[in-house]
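Chemist: What follows is a structure written as structure tokens; I'll ask about it next.
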Amino acid sequence: MELFFQYMVAGITYGAIYSIVAIGFNIIYNTTGIINFAQGEFVMLGGMIAVTLNNFMPLPSAILATVLITMIIGALIEMIFIRWLVNPSVLRMIIITIGISIIIREAALHIWDEKVRALPYFTGTEVTSILFFGAHISPQVLWVIGICSVVVVLLNLFFNFTMRGRQMRACASNRNSARLCGINAKNMVTLSFVLSAGIGALAGCVISPITYVHYDSGAPLAIKGFTVAIFGGLGNSMAAVVAGLILGILESFSI
Amino acid sequence: MIKIKNLETGYGKLKVLRRISMHVNPGEIVTIIGANGAGKTTLLNTISGIVRTRAGEIIFDRQNIAKFPPEKIVLMGCSLVPEGRQVFPTMTVKENLLLGAHVLYLKKRKGLIKEELERIYTIFPILEDRRHQMAGTLSGGEQQMLAIGRALMSKPKLIMMDEPSMGLAPLIVKEIFNIIRKLREDGNTVLLVEQNAKAALKIADRGYVFETGRIVLEGTSDDMLTNKDVQRAYLGRDLDAEAKL
Ligand SMILES: Nc1ncnc2c1ncn2[C@@H]1O[C@H](COP(=O)(O)OP(=O)(O)OP(=O)(O)O)[C@@H](O)[C@H]1O
Ligand SMILES: [Mg+2]
């Protein structure tokens, strides 16, 4: 029974990670129809930048700065590679975003190196554990699950109850109609890249003590996240959470 | 209000509008009639900035808006009720209307939004009853009212409507046309594209007839209603056949 809980919690942890990557996919897909295959790189960048910054500043400010920096990178990527495209085909978009992910990965390899890094545990150390129904749980796991939940709730509030969120949904729903309402669709696309970059980076920070991070750790996460996004019916964030948890739990029980 | 000079547009190699010149005066209802594919929708989409202008001028509010993006044109006070309604189906009626008021929000006149919402609800009471319903689940007529309401939420100086009667039952069509007439009484200016030429000419002050991207006829609605060519082509009366009978 303890073992069951142990696997369950591990599954939920990974599930939460996959969900959050999938939500990153969904935000961009919803406003643009683009599958951003560079989503995993945002997670990687989050982990890497935070580790570096953590050498100079305490963990909370390092994470905050990391999220902001990655958001700026997300905005720049959109402005440089996406903004000027006029009605690009799906295939072209896939190729472009894969290209972006390769560029980011290579840049990361040059800036850092191929060493595996990790942020320190947010509370306690590797060996700290909380007893939960007989299972030993690292507090970091609670951080991951907690932060993922908070992100999901905040995003829901944002999309449903703020003017900006409504505008982004309007762009997703009917771009021309949104423009006819005076909404600057291009800025909404930039905003969607900023949001998903920030969320990806935050995810990268919280998971790095558990999963570690190196220049090449984005792609596998992107694949998992993409699977989950598709499984949850592309574009639906709540379904992505459920799908993510299912995939995470299935994985942990099948090992 | 708006003056168009030698406007040309097209899609790729296809030329759709050829040297269109027309105007709408403040407080008028002007209607554009013409067969399918004549370029009426293209004209409205070009004015609102969705379709790119190739040549010519569109003077609105003393500025040439021919190269402006749609969001700027709406901000200047020129709103389009697009063909086929195009509401946001996965959003509620109220959310659709609030998005229409985005322009007021940009102009920092947020205070007006509530007032406008009330005004739209008095014009279309059904929208108030349905305000929490998803727009996609409204009936066709209700969606059309929502599309008109959404465009009105920006307090436009000129409102353009693309076939508001399309696919609606005669009773609803009558209601929509009554509302358009009421809009003029409230001081609005309307550019109306219609298949339903007779009904459109009855409420309009003036009209233009489009044929394959050209204006072939223009005049006051009364003149057009009695014009033989218009009657034959667009009002469903065949005078020769009638004469023979
Ligand atoms: N996006 C587009 N790409 C290419 N051609 C188009 C496009 N939209 C319209 N056309 C073509 O332009 C011409 C004019 O179309 P438009 O929609 O303006 O006609 P319309 O007068 O509104 O017709 P209807 O009464 O059927 O709505 C048509 O021949 C149409 O096939
Ligand atoms: Mg049309």
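The values are calculated or read from the model by the stated rules, or taken from the named source; none is laboratory data. Remember, it's a predicted structure, so these values are computed and weren't measured experimentally. Glycine also receives a Cβ, built like all others from the backbone with ideal geometry; neighbour counts cover every protein chain displayed.
Chemist: Is it the case that residue B:189 is more than 14 Å from every other protein chain (Cβ to nearest Cβ), hydroxyl-bearing (Ser, Thr, Tyr), within 16 Å of ligand 1 (Cβ to nearest atom) and in contact with a Gly (Cβ under 8 Å, 6 or more places away or on another chain)?
Modeler: no
Chemist: Can you pull out every residue in the range B:188-207 that is more than 15 Å from the chain's Cα centre (by Cα) and at pLDDT 90 or above?
Modeler: Matches in the range B:188-207: B:202 only.
Chemist: Moving on to the next point. Mind listing whichever residues of the range B:48-88 are aliphatic (A, V, I, L, M), crowded, with 20+ Cβ neighbours inside 10 Å, away from ligand 2 (no atom under 16 Å from the Cβ) and not in a loop (DSSP other than H, G, I, E, B)?
Modeler: Residues satisfying the conditions are B:58, B:73, B:74.
Chemist: Could you go through the range B:11-26 and let me know if any residue there is within 14 Å of chain A (Cβ to nearest Cβ) and either within 16 Å of ligand 2 (Cβ to nearest atom) or surrounded by 22 or more Cβ atoms within 10 Å (Cβ to Cβ) (or both).
Modeler: yes
Chemist: Between A:127, A:152, which is among the β-branched types (Val, Ile, Thr) and in a helix (DSSP H, G or I)?
Modeler: Result of the check over A:127, A:152: A:152.
Chemist: So which residues in the range A:169-219 are facing chain B (nearest Cβ under 9 Å) and either in contact with a His (Cβ under 7 Å, 6 or more places away or on another chain) or closer than 25 Å to residue A:244 by Cβ (or both), if there are any at all?
Modeler: Within the range A:169-219, A:169, A:172, A:173, A:181, A:182, A:183 qualify.
Chemist: Given the criterion of a type in the set (Lys, Arg) and either closer than 30 Å to residue B:50 by Cα or within 14 Å of chain B (Cβ to nearest Cβ) (or both), identify the matching residue among A:117, A:105, A:166.
Modeler: Going through A:117, A:105, A:166 in turn, just one is of a type in the set (Lys, Arg) and either closer than 30 Å to residue B:50 by Cα or within 14 Å of chain B (Cβ to nearest Cβ) (or both): A:166.
Chemist: Pick from B:45, B:36: which is within 12 Å of ligand 2 (Cβ to nearest atom) and within 14 Å of chain A (Cβ to nearest Cβ)?
Modeler: Step by step, each of B:45, B:36 is checked, and only B:45 is within 12 Å of ligand 2 (Cβ to nearest atom) and within 14 Å of chain A (Cβ to nearest Cβ).
Chemist: Condition (residue is within 22 Å of residue A:235 (Cα to Cα) and of a type outside the set (Asp, Glu)) applied to the range A:41-51: is it met by at least one residue?
Modeler: Checked against the condition, which is being within 22 Å of residue A:235 (Cα to Cα) and of a type outside the set (Asp, Glu), the range A:41-51 yields at least one hit.
Chemist: To continue, here is another question. Among residues belonging to the range B:33-48 that are within 11 Å of the chain's Cα centre (by Cα) and near ligand 1 (Cβ under 6 Å from one of its atoms), point out the one that is farthest from residue B:213 (Cα to Cα).
Modeler: If we take residues in the range B:33-48 being within 11 Å of the chain's Cα centre (by Cα) and near ligand 1 (Cβ under 6 Å from one of its atoms), then B:41 is farthest from residue B:213 (Cα to Cα).
Chemist: Further question on the same structure: I'd like to check something: does the range B:65-87 contain any residue that is away from chain A (no Cβ under 11 Å), β-branched (Val, Ile, Thr) and within 15 Å of residue B:158 (Cα to Cα)?
Modeler: yes
Chemist: Sort out which residues of the range B:140-180 are within 16 Å of ligand 1 (Cβ to nearest atom), in contact (Cβ under 8 Å) with a residue 40 or more places away in the chain and surrounded by 21 or more Cβ atoms within 10 Å (Cβ to Cβ), and write them in order of number.
Modeler: Of everything in the range B:140-180, those that are within 16 Å of ligand 1 (Cβ to nearest atom), in contact (Cβ under 8 Å) with a residue 40 or more places away in the chain and surrounded by 21 or more Cβ atoms within 10 Å (Cβ to Cβ) turn out to be B:144, B:147, B:160, B:161, B:162, B:163, B:164.
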